[in-house]
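The values are calculated or read from the model by the stated rules, or taken from the named source; none is laboratory data. This structure is a prediction, so every number in the text was calculated from the model and none was measured. So basically every Cβ, Gly included, is an ideal-geometry build from the backbone, and we count neighbours across all protein chains shown.
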Amino acid sequence: MKHKALPVLFFSAVLFSLFLIPAYANSSWHWLTTSPLPVLPYAAAGTILIEFLGIARFGGIKKPYKSLRVTFAFFAVCAANLLSFIVPYLFLMTADAGGGRGVYTFEEVFYGGPFYMIGLFYLLLTLFIEIPVICLLLMFNVESKKRLLLTALAVNVITTVMVAVIERIICRGSW
């Protein structure tokens, strides 16, 4: 039983180390390469493609090549991803920005600070938003709801971790 927990602990340690952001006082942030904004469309397209292919292949869709169920699955994944991409930005735009304003502008979200969009909070928010949308929209088009749920969980974790790593490689900044 102890040995089964080791991979989970290792994976958790890797995830937490990816999402650590140091804070430095009395300095200002600037992006050295690019902010996450130009990366977002490519990340969204790649995420949708990977999640759709994963759900279409492993999600247990009934007769996927003899019906419109695959097309419906594609639109379900698109709708779920659209929601999960928009909500974190809205959250940051309405967070307390200091100085009594209480709201970040759209530009400040992307250029004003070290806002790596993809982190542990984003993963949890993505799972909270996407899993119910995908399961509700596709539950009548699959052979097993449990298989759909596990597949949706797996592809969302995989794509979120992948995009987090890519974002940290491409988007470099400094205090």
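Just name the residue that is surrounded by the fewest Cβ atoms within 10 Å (Cβ to Cβ) out of those in the range 137-162 that are modelled with pLDDT under 90 and among the hydrophobic types (A, V, I, L, M, F, W, C).
PHE140
Considering only residues that are surrounded by fewer than 12 Cβ atoms within 10 Å (Cβ to Cβ) and farther than 28 Å from ARG172 by Cβ, look in the range 102-136 and name the one that is modelled with the lowest pLDDT.
GLY102
Which ones in the range 28-59 are surrounded by 16 or more Cβ atoms within 10 Å (Cβ to Cβ) and modelled with pLDDT under 85?
TRP31, SER35, PRO36, LEU37, VAL39, LEU40
Would you confirm whether or not the range 78-89 contains a residue that is touching a residue at least 60 places away in the same chain (Cβ under 8 Å) and either β-branched (Val, Ile, Thr) or outside any loop (DSSP other than H, G, I, E, B) (or both)?
No: zero hits.
Could you run through the range 71-84 and say how many residues are over 15 Å from MET139 (Cα atoms) and surrounded by 19 or more Cβ atoms within 10 Å (Cβ to Cβ)?
Qualifying residue count for the region: 2.
Give the residues of the range 123-175 that are part of a strand (DSSP E or B) and hydrophobic (A, V, I, L, M, F, W, C), sorted by residue number.
Result: VAL142, single match.
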